[in-house]
């Protein structure tokens, strides 16, 4: 506790500054997610406080981030669509998925998997981060110009036939569920259909119109129509916000430019009584836990989203631990990755129960905290408490913020989150693979695949596909390198220093082979060619294994097959300098001692030479 309060002044200033920076972003991310500004604010409060309290990075400031919000936006939209466009109906399941993601993060930390996050290839992360930026930029075009598809009645009316079909289909499903659907007599169906009002059809049509215009592809579809209906006031508010954010940084970085833009543009809109569109109302008072998460829980409803929750938890882990590394570099300290994951998981779980969107360690806010004097966990907790005070005291005022101002803030977030370092490196990376007539860089290919699939299809699947492609390419490279270094293909090899004095008279009977590198599934095909290379005159094959550090199951069975084939031809084996891990693998399936007895395993080549001279005769 002494260390906890050792830097109260610095932590207070760092936490307050970070909390101020977090406020406009939390509101903007909440709106962008589809659950409203209060969800963003609740997420920022609980994640910031509890991730700091239980986490493993002293200076980390956590809350909703661009990557987490982008994935959450997809999850929220899909669950709402599956619940007839009713947010309230979908909310318990949405929050349950977020809660599950938080619990999975706790599990990742407890299992000690934090240290493995660093093995995710850079091209996958780069493509994903750039895709996040592109998604945010494109999806904020419509709110920036004041176009909302649900309010475009001409566009909404196009969906009326489809809306009527859906409503009728729902009636039939209800009757089937109640056991009163009789195909020969549709009287009940007709009675219920007659109760459908124009308002019901309009509501369903608006839901369909909103769904059609959602996401990147939806935005691009309706963009020509939206550009004909620009609300110039909304556009000016958004552009003014962007101008202040970039312009004020040139004057000073002491005061966060995002907050300045929020206050100035909102002040102008409210002060001059402009006819702008405000954000959704932020509820006043204490956040209330959503107990429907538990009371209406059904495993069957959650099952389709388990993989989605896992992806969200992994993304939050990556996002947080990358920020932890930045914090380490700035403070010359060392974070505890598994403890950090537990803290993030606790924060996300509690935020979900109270209706908040998930988050992670936020780089910009963490940097602000450190540069403002934050050094201990207290700074992150103070940032959360500040946002909580703002919620209690300024909720009604915050509800008057123009939606276009938050859209402008998100545009700058989208521009800032892109990985320009990775994009700039594209022309200079080596072109190491060939696709048809084209030579490409494997890393650029992975990055572009993740970028394109994330932007236009599905963030979750894009990362998975990117990881699979990157892993396959890595394995192929390692396999090629291993085969090249193992000299499996050429029969003639250069003798090692201790082999120079090998008797010429026994060179027909004894075949010496060097295995240089791991024997794993990427190199087994080349290893299998070894049996075909061994001359018919050979009675003994000496395998020198001091450079074969690792063997997997594929390599193990490839070796076993070779031993069987050559044993049938009357060829025996001698192993020289067999290392611990490969020996353990061979002992598991009794290659040692069934095929290779202990007396055929030597620590040095000199010992092996003594055995050969004593036991092998010159036949040729």
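Observations, loosely collected:
Condition check ((1) farther than 25 Å from residue 42 by Cβ; (2) assigned to a helix (DSSP H, G or I)) across all residues:
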{"position": "202", "(1), (2)": "yes, yes"}
{"position": "210", "(1), (2)": "no, yes"}
{"position": "220", "(1), (2)": "yes, yes"}
{"position": "263", "(1), (2)": "no, yes"}
{"position": "274", "(1), (2)": "yes, no"}
{"position": "282", "(1), (2)": "no, no"}
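- Looking only at segment 142-161, and only at residues there that are part of a helix (DSSP H, G or I) and in contact with a helix residue (DSSP H, G or I) (Cβ under 6 Å, 6 or more places away or on another chain), the one that is nearest to residue 243 (Cα to Cα): 144
- A residue that is touching a residue at least 24 places away in the same chain (Cβ under 8 Å), within 27 Å of residue 477 (Cα to Cα) and in a strand (DSSP E or B) occurs somewhere in segment 519-542.
- Number of the exception - residue 435 against (1) out of contact with any helix residue (DSSP H, G or I) (no Cβ under 7 Å at 6 or more places or on another chain); (2) surrounded by 14 or more Cβ atoms within 10 Å (Cβ to Cβ): (2)
- Looking across 404, 352, one residue alone is surrounded by 23 or more Cβ atoms within 10 Å (Cβ to Cβ), in contact (Cβ under 8 Å) with a residue 24 or more places away in the chain, closer than 27 Å to residue 249 by Cα and touching a helix residue (DSSP H, G or I) at 6+ places or on another chain (Cβ under 6 Å). It is 404.
- For segment 448-461, the set of residues classified as under 27 Å from residue 76 (Cβ atoms), surrounded by 17 or more Cβ atoms within 10 Å (Cβ to Cβ) and modelled with pLDDT of 85 or more consists of 449, 450, 451, 453, 454, 455, listed by residue number.
- Residue in segment 597-619 that is surrounded by fewer than 12 Cβ atoms within 10 Å (Cβ to Cβ), over 22 Å from residue 507 (Cα atoms) and out of contact with any strand residue (DSSP E or B) (no Cβ under 8 Å at 6 or more places or on another chain) present: yes
The values are calculated or read from the model by the stated rules, or taken from the named source; none is laboratory data. As the structure is a prediction and not an experimental result, all values here were calculated from the model. Cβ atoms come from the backbone with ideal geometry, glycine included; neighbour counts cover every protein chain shown.
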